[in-house]
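Some notes on the structure that comes next.
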Amino acid sequence: MAHLRINGADLYSQVDGAGDPVLLLHGGFCSLESLRAQSDALVADHRVFAFERPGHGRSADVDGEYGYERGLADTLAYLDAHGLQTVDVVGYSDGAIIGLLLALRHPARVRALVAISANLDPSGFTHSAEAAGVPVLDARQPRGDRPDVERMHYDRLSPDGPGHADVVLRKLFRLWTEEPGIDPAELAVITARTLVMSGDRDTIRPDHSLLIAASVPGAQLCIVPGTTHDLLAERPALISTLVREFLHP
């Protein structure tokens, strides 16, 4: 566990296990703790590589706005720093978008891709204007006294301190409302075996997940029942099993 200098920023990195390499890409306002169950399930027979992007987890924030192109560039630089030419990729939310871009722009670098709760553009959200009239399942689920786990991780891990969270969230909300802008037709060039996954009550509409899967040649689609955008925390064992079985056909 250490920090690597990637494109001018010191990014926290974890490497564990032995076997074929797999790269984990976390979501927005998440740390690697959000993928802990999947990492633990994979280390038995994989060399698991993971890093935290600027402003996330143990990586300090950087000046300027966030962008998926920066995320892609950092991911490529991270793979190069470890001498990894081809990997399996498991990405969640923002990490899944970066995974799709990696498989799209650099197909030789991705052997298999699991894209969890990705969207191609902001129209994929259930609350978007384009979603008006599209049938979706009721996403309301009572939180009760359940704590905001990602905020707790941020407060505990961030070198910028708890008070910087509002800056990170502002930049993330800008990102989520303006990016990405991926044409579904572009996905036809992806050669990686691909599994597209989302929750049936996700903030990503099921029909948008279907669009992604239908646009990637040979892709599989999994809609996880009874889950929201927090599906990694809601069904960690099931998702870990699905990921492992997909990576070991």
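The values are calculated or read from the model by the stated rules, or taken from the named source; none is laboratory data. Because the structure is predicted, anything quoted here is derived from the model rather than measured. For neighbour counting, all protein chains shown are included, and Cβ atoms are generated from backbone atoms with ideal geometry for every residue, glycine included.
Pairing each residue of the stretch 224-244 that is farther than 18 Å from Ala118 by Cβ with any residue that is at pLDDT 95 or above and of a type outside the set (Gly, Ala, Ser), provided the two are 6+ apart or on different chains, yields C-beta distances under 6 Å for Pro225/Asp200; Ser240/Gln38.
Exactly one residue out of Pro180, Pro236, Pro159 is modelled with pLDDT of 95 or more, touching a helix residue (DSSP H, G or I) at 6+ places or on another chain (Cβ under 9 Å) and more than 24 Å from Leu137 (Cα to Cα): that is Pro180. The set of residues from the stretch 159-199 being farther than 25 Å from His56 by Cβ and part of a helix (DSSP H, G or I) comprises Pro184, Ala185, Glu186, Leu187, Ala188, Val189.
Remark: pairs (first residue in the stretch 173-188, within 15 Å of His208 (Cβ to Cβ); second residue among the small types (Gly, Ala, Ser) and in a helix (DSSP H, G or I); Cβ separation under 6 Å; 6+ apart in sequence or on different chains) = Pro184/Ser215; Leu187/Ser215.
Residues of the stretch 60-81 being touching a strand residue (DSSP E or B) at 6+ places or on another chain (Cβ under 6 Å) and in contact (Cβ under 8 Å) with a residue 60 or more places away in the chain, which ones?
Selection gives Asp74, Ala77, Tyr78, Ala81.
With respect to (1) closer than 21 Å to Ala9 by Cβ; (2) among the hydroxyl-bearing types (Ser, Thr, Tyr); (3) surrounded by 24 or more Cβ atoms within 10 Å (Cβ to Cβ), the lone exception for Tyr66 is condition (3). Take the conditions (1) surrounded by 13 or more Cβ atoms within 10 Å (Cβ to Cβ); (2) over 16 Å from the mean Cα position of the chain (by Cα); (3) not in a helix (DSSP H, G or I); Pro147 misses just one of them, which is (1). If we keep just the residues of the stretch 211-233 that are among the small types (Gly, Ala, Ser) and within 19 Å of Leu120 (Cα to Cα), which is surrounded by the fewest Cβ atoms within 10 Å (Cβ to Cβ)? It comes out as Gly218.
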